[in-house]
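Encoded as structure tokens, the structure appears first; notes follow it.
The values are calculated or read from the model by the stated rules, or taken from the named source; none is laboratory data. Only a predicted model underlies this, so the values are computations on that prediction, with no experimental measurement involved. Ideal geometry is used to build each Cβ from the backbone, glycine not excepted, and the neighbour counts take in all protein chains shown.
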Amino acid sequence: METSKLWSEKLSLEYIKGELVRTAYSTDVNLLTKLDPRVILIWYCYFAIVPWFIHSHIVLVGYLLFMVFLTYKAKVSPLLLAVLGLGLLGEMGILFAISLLFGGNLETVMPMFWLSIKLGSISLASVAVFTSLNPEKFSDALLRMGFPPTFSFSVAYGYRILPILLEELQQIILSYRLRGLAPSKNGVFYWRKLAYYLIIFMRSFYPLILNTAKRSRTTVEALETKGFSYGAKDSNMIKLKTGYLKLTYIDYAFVMITILYLIIVHALHFVL
């Protein structure tokens, strides 16, 4: 009973909503939140692209260990890590099943394992960076780097609307549960209960999209009333808005430590 109660609390919509709010708004202070967001984005571009072209096992393990350390320092939500782990395991299992259908054998496990290591390091870099980036700083960094103002705002808006969408989904699901009849018996492996909730989720999709469209129209009208289109084209406004973004000694130290670590990892590849 205690275990079932613990799992129900961890998988509840309230818990998921709280974790999304904490992730989207970057409420926790950690190592990466102290850095300039422009430095974080440039750093992320390297670790999101370069690992795809690396085949050395030593280098890939070194990248993965570095990402694990940063993920720990970034205080990433356990929910995100659990979803990431299940996704990697599921992808590896699906690829292995497909390889067996086309004449593969157990020798295909190792290439898929190293592919999962590569995907794991990239994914950990993603969750560590975007968990630590406040939507406002993320948008301002893109704006300062020369991206279109509408694109920069869309990124921040996408971050902020996630908790709202989840709350809207929760209200729709509760309304369906109040008007519906839950199964009296759970069935084997709770299949009746799972089918009941699956049907509710499917029926909640259209009302969620409709309510989101209504919210989007209201948001656009509010932005235009406040002069968003005019202000986005004013260079003085952009400088004033992003004037707080400045490089500090922490940013330079982080970049130097990263470069030093990369030199050591790639040197181990040639030595070993």
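Determine whether segment 198-209 contains at least one residue that is touching a Phe, Trp or Tyr at 6+ places or on another chain (Cβ under 8 Å), in a helix (DSSP H, G or I), surrounded by 11 or more Cβ atoms within 10 Å (Cβ to Cβ) and among the basic types (K, R). There is at least one residue in segment 198-209 that is touching a Phe, Trp or Tyr at 6+ places or on another chain (Cβ under 8 Å), in a helix (DSSP H, G or I), surrounded by 11 or more Cβ atoms within 10 Å (Cβ to Cβ) and among the basic types (K, R). Restricting segment 156-179 to residues that are surrounded by fewer than 17 Cβ atoms within 10 Å (Cβ to Cβ) and without any contact (Cβ under 8 Å) to a residue 24 or more places away in the chain, which is farthest from V129 (Cα to Cα)? Per the stated criteria, the residue is R179.
The set of residues in segment 109-144 being in contact with a His (Cβ under 9 Å, 6 or more places away or on another chain) and of a type in the set (F, W, Y) consists of W114 alone.
Here's the yes/no breakdown for (1) modelled with pLDDT of 85 or more; (2) of a type outside the set (G, A, S); (3) within 24 Å of the chain's Cα centre (by Cα):
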residue: L166; (1), (2), (3): no, yes, yes
residue: Q170; (1), (2), (3): no, yes, yes
residue: A182; (1), (2), (3): no, no, no
residue: K185; (1), (2), (3): no, yes, no
residue: F189; (1), (2), (3): no, yes, no
residue: Y197; (1), (2), (3): yes, yes, no
residue: I200; (1), (2), (3): yes, yes, no
residue: L208; (1), (2), (3): yes, yes, yes
residue: K214; (1), (2), (3): no, yes, no
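Output yes when any residue across segment 102-113 is modelled with pLDDT under 85 and on the phi > 0 side of the Ramachandran plot, and no when none is. The answer is yes, given that some residue of segment 102-113 is modelled with pLDDT under 85 and on the phi > 0 side of the Ramachandran plot.
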